[in-house]
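Engineer: Once you've had a glance at the structure underneath, I'll fire off some questions.
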Amino acid sequence: MAKVFKVTIEKNRCKGCGLCPNACPKQVLEMSKEINDKGYFYSQVVNLPACIGCRFCAFMCPDVAISIEQEEAA
Amino acid sequence: MEKVLMKGNEAIAESAIRAGGLCYFCYPLTPQSEVAEYLARRMPEVGGAYLQAESEVAVANMVYGAAGAGARAWSTSSSPGISLMEEGISYIAASELPAVFVNIVRTGPGLGGILPSQGDYFQAVKGGGHGDYRCLVLAPSSVQEAVDMMPLAFDRADRYRNPVMVIGDGMIGQMMEPVEFKEPKFPPLPPKDWATTGAKGRKPNVVNSLYLDPKAEERLNNVLAAKYEKMKREEVRFEEYNTDKPYRVLLVAYGTTARICKTAIEKLDAEGIPVALLRPISLFPFPEAKVLELGRKAEFLLSVEMSMGQMVEDVHCAMGHEKPVYFFGRSGGIVPSPEEVVDAVKSRLEGGKS
C-alpha cells in the first residue's frame, strides 16, 4: 500500500529563502506568487501526491516551518 | 562559551545586550523585525529599556535623548527606516554623542522590497543626514562577525562620541549560523562627564547641535573632522583573501557578496585563473591604501555589489587611473550567484565589455 503524506507549511514563518524546493527530490514544493504577512514569497505544496516523505525539506528549513505527517491510506 | 545556532537578527540583539546596549528603541521593519521581537522578550529579563516608538523619526530622537543622558542607546532598522532616522543621526553626530545603529539593508529606492541589497552604501558612508559628519561604518559578512562587531561598535561609539553604523543586509539578518558570544576586552573608556545626569554640585551639561555663531560652528566642524581623520588612521579594517600568491584580478566586495566572491575565486582557481579578494570590513574609513597596494598587482579590479554600483566609486577613487576598475552587481533583491561573478571576471579578462 502506497504511503500518503501530509505536508504542512506555516506560511507566515517562511522567509522565502527557497532552500526547500531545492532540497525536494520530487518537485513537491514551489515558491508562491503571493506574499505572506511578512511580505515574503513563501514556499507552498504544488504536487503533494509526489511526496515520498523523505523530510529533506523539513530538515533543511532554517525556520522550522515545515511539518510532514504520514497518513493512513484510505 | 558554547556555539549556538541563531538567526542573524536575534544574534545581533543578544550580542548588543551583552555589550551593555540596554537602551533600545525601535520600529519594526522587515527584514530586521526579529531584532525588535527578540528584545521585546529579552530586555525585561536583563533590566534594560525596550520601547517601540510611533515612527523611526521618534526612534532616532529617543536614542539621541538616551545617549545624551549617558546610556548605551541603540536602534536597528532597515533602509526606509534608516532614511527617517538620518535627521536624528545628524543631530547625534553634531552633539557628539555615542549611539549605534544597525541597518539590515533591503532593496530600494523608496519602499523598495524586503530582500537583501547593498544599496545603502552611499547613505551609510557618505553621511546620510545633512551636514558635515560621518558615521563609523562596519559591515559584517557572517552572523558571527555581526555578533563580534556589536561590542566593538558600542566601544567605538563611546570612544569617538560619534554614531556607529553596522550595515548588514537581509541575508545577514535572516540567515541562521552557529555563533559564539565572546567577551572582548577594550581599554577603559573616559568617564561620560558630558552626560546630562542631573546637575547637582556641578555646572549643567548641555546637549546641543545649534551653533548660530559661525566661528563656533566652524570650531565644531573642525573637532568632528579631526575625529574622522583619527578614524582613518586607526579604524581601517579589512580582510585579504588569496592575496598571498600572484593574481590577475582583484575583487573588492563586502558583506554577503564577499562570501559569494570567495566561492567564485575557488571556481576560477580551478580553471587556472588566479583571483584575489579585498573585503572592506570598515566601509568608513574605507581601506583606500590597501586597495591601491593590492590593485597595483592585478590586471584590473572588479567591485562586486548588490547595488547598481556604489562602493565602486570609492574603489575608483583609491585606485586613480593606475588600473581599470570595473563593476558587477545585481539589484532588486537578487543575490548574485558565484557563476555570475565567474562570468563577470572572465568576460573582462577576454577584453569583453567594460
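Engineer: State all residues of segment B:23-34 that are more than 14 Å from chain A (Cβ to nearest Cβ) and either in contact with a Phe, Trp or Tyr (Cβ under 9 Å, 6 or more places away or on another chain) or under 18 Å from B:V179 (Cβ atoms) (or both); if no residue qualifies, say none. Break it down stepwise before answering.
Structural biologist: Start the filter on segment B:23-34 by keeping residues that are more than 14 Å from chain A (Cβ to nearest Cβ), which leaves B:23-27.
Those that are more than 14 Å from chain A (Cβ to nearest Cβ) and either in contact with a Phe, Trp or Tyr (Cβ under 9 Å, 6 or more places away or on another chain) or under 18 Å from B:V179 (Cβ atoms) (or both): B:C23, B:Y24, B:F25, B:C26.
Engineer: Condition first: more than 12 Å from A:A23 (Cβ to Cβ) and buried (at least 18 other Cβ atoms within 10 Å of the Cβ). Now tell me which residues in segment A:63-74 satisfy that.
Structural biologist: Across segment A:63-74, the qualifying residue is only A:A65.
Engineer: Please specify each residue of segment B:13-33 satisfying the condition of being touching a strand residue (DSSP E or B) at 6+ places or on another chain (Cβ under 6 Å) and closer than 20 Å to A:D63 by Cα.
Structural biologist: Of everything in segment B:13-33, those that are touching a strand residue (DSSP E or B) at 6+ places or on another chain (Cβ under 6 Å) and closer than 20 Å to A:D63 by Cα turn out to be B:L29, B:P31, B:Q32.
Engineer: Among the numbered criteria (1) under 21 Å from B:S331 (Cα atoms); (2) in a helix (DSSP H, G or I), which one does B:V147 miss?
Structural biologist: Answer for B:V147: the failing condition is (1).
Engineer: Just to be sure I understand, how many residues within segment B:174-187 are within 14 Å of another protein chain (Cβ to nearest Cβ) and part of a loop (DSSP other than H, G, I, E, B)?
Structural biologist: Residues meeting the conditions: 1.
Engineer: Moving on. Considering each of B:K230, B:K262, B:K267 in turn, give the residue that is outside the structural domain of B:A298 (by TED's automatic domain parsing) and at pLDDT 95 or above.
Structural biologist: Numbers: B:K262 fails: outside the structural domain of B:A298 (by TED's automatic domain parsing); B:K267 fails: outside the structural domain of B:A298 (by TED's automatic domain parsing).
Going through B:K230, B:K262, B:K267 in turn, the sole match is B:K230.
Engineer: Anything in segment B:308-319 that is in contact (Cβ under 8 Å) with a residue 24 or more places away in the chain and out of contact with any Ser or Thr (no Cβ under 6 Å at 6 or more places or on another chain)? List them, or say none.
Structural biologist: Residues satisfying the conditions are B:Q310, B:D314, B:C317, B:A318, B:M319.
Engineer: Looking at B:T256, B:T263, which is the one that is among the hydroxyl-bearing types (S, T, Y), closer than 25 Å to B:S78 by Cβ and outside any loop (DSSP other than H, G, I, E, B)? So that I can check it myself, show each step before the final result.
Structural biologist: On the way: B:T263 fails: closer than 25 Å to B:S78 by Cβ.
Going through B:T256, B:T263 in turn, just one is among the hydroxyl-bearing types (S, T, Y), closer than 25 Å to B:S78 by Cβ and outside any loop (DSSP other than H, G, I, E, B): B:T256.
Engineer: Name every residue in segment B:167-201 that is basic (K, R) and in contact with an Asp or Glu (Cβ under 9 Å, 6 or more places away or on another chain), in order of residue number. Reasoning before the result, please.
Structural biologist: Just the residues of segment B:167-201 that are basic (K, R), to begin with: B:182, B:185, B:192, B:200.
Matches in segment B:167-201: B:K182, B:K192.
Engineer: Something else now. For segment B:151-172: of the residues being of a type in the set (G, A, S) and modelled with pLDDT of 95 or more, which is surrounded by the most Cβ atoms within 10 Å (Cβ to Cβ)?
Structural biologist: Keep residues of segment B:151-172 that are of a type in the set (G, A, S), which gives B:153, B:157, B:168, B:170.
Adding the requirement that they be modelled with pLDDT of 95 or more leaves B:153, B:157, B:168.
Numbers: B:A153: 29, B:A157: 26, B:G168: 33.
Ranking the candidates gives B:G168 first.
Engineer: Still on this structure, please answer the following. Before we move on, is B:A153 small (G, A, S), more than 20 Å from B:E10 (Cα to Cα) and away from every other protein chain (no Cβ under 14 Å)? Show your work before the answer.
Structural biologist: Working: small (G, A, S): yes; more than 20 Å from B:E10 (Cα to Cα): no; away from every other protein chain (no Cβ under 14 Å): yes.
Here the answer is no, as B:A153 does not meet what is asked.
Engineer: Of the numbered conditions (1) over 29 Å from B:L111 (Cβ atoms); (2) touching a Phe, Trp or Tyr at 6+ places or on another chain (Cβ under 7 Å); (3) within 14 Å of chain A (Cβ to nearest Cβ), B:E10 fails exactly one; give the number of that condition.
Structural biologist: All conditions are met except number (1).
Engineer: Among the residues of segment A:8-26, what is the count of those that are away from chain B (no Cβ under 14 Å) and assigned to a loop (DSSP other than H, G, I, E, B)?
Structural biologist: Count: 4.
Engineer: A follow-up question, please. Within the bounds of segment B:282-297, is there any residue that is part of a strand (DSSP E or B), of a type in the set (S, T, Y), surrounded by 15 or more Cβ atoms within 10 Å (Cβ to Cβ) and in contact with a strand residue (DSSP E or B) (Cβ under 8 Å, 6 or more places away or on another chain)? Outline the logic, then answer.
Structural biologist: From segment B:282-297, those part of a strand (DSSP E or B) are B:282-284; that's our starting set.
Pick out the ones that are also of a type in the set (S, T, Y) and you get B:282.
Okay, now just the ones that are also surrounded by 15 or more Cβ atoms within 10 Å (Cβ to Cβ), so B:282.
Remaining after also requiring in contact with a strand residue (DSSP E or B) (Cβ under 8 Å, 6 or more places away or on another chain): B:282.
Yes; the residues of segment B:282-297 include at least one that is part of a strand (DSSP E or B), of a type in the set (S, T, Y), surrounded by 15 or more Cβ atoms within 10 Å (Cβ to Cβ) and in contact with a strand residue (DSSP E or B) (Cβ under 8 Å, 6 or more places away or on another chain).
Engineer: Being touching a residue at least 24 places away in the same chain (Cβ under 8 Å) and under 18 Å from B:P31 (Cα atoms) is true for just one of A:G39, A:G53, A:G16. Which residue is that? Let's see the steps before the verdict.
Structural biologist: Details: A:G39 fails: touching a residue at least 24 places away in the same chain (Cβ under 8 Å); A:G53 fails: under 18 Å from B:P31 (Cα atoms).
None of the other options fit; the residue is A:G16.
Engineer: A:F5 - would you say it is in contact (Cβ under 8 Å) with a residue 24 or more places away in the chain, more than 14 Å from chain B (Cβ to nearest Cβ), over 21 Å from B:L115 (Cβ atoms) and among the aromatic types (F, W, Y)? Spell out how you get there, then give the answer.
Structural biologist: Working: in contact (Cβ under 8 Å) with a residue 24 or more places away in the chain: yes; more than 14 Å from chain B (Cβ to nearest Cβ): yes; over 21 Å from B:L115 (Cβ atoms): yes; among the aromatic types (F, W, Y): yes.
Yes, satisfied.
Residues checked against (1) within 26 Å of the chain's Cα centre (by Cα); (2) without any contact (Cβ under 8 Å) to a residue 40 or more places away in the chain; (3) assigned to a strand (DSSP E or B):
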site: B:L189; (1), (2), (3): yes, yes, no
site: B:K203; (1), (2), (3): no, yes, no
site: B:L212; (1), (2), (3): no, yes, no
site: B:T243; (1), (2), (3): yes, no, no
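Engineer: In addition: Give, as residue ranges, the strands (runs of 3 or more DSSP E) completely inside segment B:19-121 that count at least 1 residues that are in contact (Cβ under 8 Å) with a residue 40 or more places away in the chain and buried (at least 21 other Cβ atoms within 10 Å of the Cβ).
Structural biologist: Details: elements: B:23-26, B:49-52, B:73-77, B:99-105.
Here the list reads B:23-26, B:73-77, B:99-105.
Engineer: Now for a separate question. For a quick check of your reading of the model, give me the residue pairs whose first member lies in segment B:148-160 and is in the same structural domain as B:K182 (by TED's automatic domain parsing) and over 17 Å from B:W194 (Cα atoms), whose second is of a type in the set (S, T, N, Q) and part of a helix (DSSP H, G or I), with beta-carbon atoms closer than 6 Å and at least 6 apart or on different chains.
Structural biologist: Pairs that qualify, where the first residue is in the same structural domain as B:K182 (by TED's automatic domain parsing) and over 17 Å from B:W194 (Cα atoms) and the partner is of a type in the set (S, T, N, Q) and part of a helix (DSSP H, G or I), are B:M150/B:S15.
Engineer: Just the residues that are more than 14 Å from chain B (Cβ to nearest Cβ), within 23 Å of B:K7 (Cα to Cα) and part of a loop (DSSP other than H, G, I, E, B), please, taken from segment A:27-74.
Structural biologist: A:R55 - this is the single residue of segment A:27-74 that is more than 14 Å from chain B (Cβ to nearest Cβ), within 23 Å of B:K7 (Cα to Cα) and part of a loop (DSSP other than H, G, I, E, B).
Engineer: Another one. Select from segment A:52-62 the residues that are surrounded by 15 or more Cβ atoms within 10 Å (Cβ to Cβ) and farther than 28 Å from B:Q174 by Cα and list them in ascending order.
Structural biologist: Hits for segment A:52-62: nothing passes.
The values are calculated or read from the model by the stated rules, or taken from the named source; none is laboratory data. Small disclaimer: the values here were computed from a predicted structure and weren't measured. Counting neighbours? That spans all protein chains shown, and the Cβs are built from the backbone with ideal geometry, glycine included.
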